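For reference, the structure discussed in these notes is given below.
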Amino acid sequence: MEMFCFKCRRKVAVNEDRISEGTVNGRRILKATCPTCMSNLSRFVRATPNETDGGNKPLWP
Ligand SMILES: [Zn+2]
């Protein structure tokens, strides 16, 4: 999966099994480590359609 690294200022490819999922303020986020600079990456995930957060929006902009 590609995630944006703010330190590298570019998208980096992160191995799927190095991505963990968590929640912040009730919102799901994906957490990973940049393979290039080893800084922490996180990315908000839209709620799944069966949750009450606007429904069927695309996962990523
Ligand atoms: Zn990086």
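What the table shows:
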{"read-out": "Virtual paramagnetic centre 7 Å along Cα→Cβ of V45, amide N under 11 Å, in the stretch 1-35", "value": "19-23, 28-31"}
{"read-out": "Cβ-defined net charge surrounding A32, 11 Å radius [Lys, Arg +1; Asp, Glu -1]", "value": "-1"}
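Values quoted throughout were computed directly from the atomic coordinates according to the rules given, and no laboratory measurement underlies them. What you see is a predicted model, and the numbers here were worked out from it, not measured in a lab. A quick note on method: Cβ atoms are made from the backbone with ideal geometry, for glycine too, and the neighbour counts reach across all protein chains shown.
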